[in-house]
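Heads up, the thing below is written out as structure tokens.
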Amino acid sequence: MILSDQKILEGIDNGEIVIEPFKKECLGTNSYDVHLGKWLATYKDAVLDARQHNEVQHFEIPEEGFVLQPGTLYLGVTEEYTETHNAVPFLEGKSSVGRLGIDIHATAGKGDVGFCNTWTLEISCTQPVRVYAGMPIGQLIYFLVEGDILNYYNRKQNAKYINRSEKPVESMMWKNSF
């Protein structure tokens with residue numbers, strides 16, 4: 001079951017959902033709009049290795065915006081810091097963003113119960129497009145969880161993305177054993 005606007009507000013009131021900063025005008029019928037933060041990142045190397053730490057270079061989006069180029073993976077970040085303690089958050093791109101040819105996540109649209117952080121975006125585009133810090137970029141949709149939770153994300157010993165960040169976070173795949 002997807003939470004309605006009223007249920008999202010109840011979750012915020014009782015601390016089960018945290019959105020900082022929270023702006024009531026960003027609350028939709030059954031979602032909350034999130035915005036592109038001021039930081040983007042690209043990987044330093046042209047060839048990435050899943051077993052190695054692939055470093056990124058961060059850069060700030062200038063006031064006049066930044067033109068994304070096809071064929072490049074950009075890591076972005078939401079302005080909003082979120083916590084979800086009793087629902088599963090899903091991040092989807094806004095249709096207006098998709099109609100500009102921008103994808104905001106390749107695979108990681110679902111958060112875990114207990115996820116507490118900004119959202120790193122996996123941004124790609126089909127043609128050059130100028131983006132701006134603060135523009136609406138996606139929407140969070142919350143699904144109820146049935147049953148007790150034994151393994152909250154923020155309490156897992158092997159959780160890789162729990163350090164609060166205002167910048168995009170690169171892949172931590174290299175921390176896995178394979």
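The values are calculated or read from the model by the stated rules, or taken from the named source; none is laboratory data. All values reported here derive from a predicted model rather than from experimental measurement. Here the Cβ is made from the backbone with ideal geometry for all residues, glycine too, and neighbour counts use every protein chain on show.
Got a sec? Which of GLY28, GLY37, GLY11 is buried (at least 19 other Cβ atoms within 10 Å of the Cβ) and in contact with an Asp or Glu (Cβ under 7 Å, 6 or more places away or on another chain)? Of GLY28, GLY37, GLY11, the one residue that is buried (at least 19 other Cβ atoms within 10 Å of the Cβ) and in contact with an Asp or Glu (Cβ under 7 Å, 6 or more places away or on another chain) is GLY37. Considering region 14-25, the residues that are of a type outside the set (S, T, N, Q) and over 27 Å from GLU64 (Cβ atoms) include one that is surrounded by the most Cβ atoms within 10 Å (Cβ to Cβ), namely ILE17. Flag not set for LEU100, criterion: surrounded by 13 or more Cβ atoms within 10 Å (Cβ to Cβ), in contact with a Gly (Cβ under 6 Å, 6 or more places away or on another chain) and in contact (Cβ under 8 Å) with a residue 24 or more places away in the chain. In this structure, does VAL97 turn out to be part of a helix (DSSP H, G or I), closer than 24 Å to VAL169 by Cα and either of a type in the set (Gly, Ala, Ser) or modelled with pLDDT of 95 or more (or both)? For VAL97, the condition - part of a helix (DSSP H, G or I), closer than 24 Å to VAL169 by Cα and either of a type in the set (Gly, Ala, Ser) or modelled with pLDDT of 95 or more (or both) - is met. Is at least one residue of region 146-154 small (Gly, Ala, Ser), free of Cβ contacts under 8 Å to residues at least 60 places away in the same chain and at negative phi? Among the residues of region 146-154, not one is small (Gly, Ala, Ser), free of Cβ contacts under 8 Å to residues at least 60 places away in the same chain and at negative phi, which makes the answer no. Among strands (runs of 3 or more DSSP E) entirely within region 117-178, having at least 2 residues that are of a type in the set (Ser, Thr, Tyr) and either modelled with pLDDT of 95 or more or buried (at least 16 other Cβ atoms within 10 Å of the Cβ) (or both) singles out 120-125. Quick check: anything in region 50-58 modelled with pLDDT of 95 or more, over 30 Å from TRP174 (Cβ atoms) and either in a strand (DSSP E or B) or in contact with a strand residue (DSSP E or B) (Cβ under 6 Å, 6 or more places away or on another chain) (or both)? Looking through region 50-58, none of the residues is modelled with pLDDT of 95 or more, over 30 Å from TRP174 (Cβ atoms) and either in a strand (DSSP E or B) or in contact with a strand residue (DSSP E or B) (Cβ under 6 Å, 6 or more places away or on another chain) (or both). Flag: GLU92 matches the condition of being among the charged types (D, E, K, R), assigned to a strand (DSSP E or B) and surrounded by 13 or more Cβ atoms within 10 Å (Cβ to Cβ).
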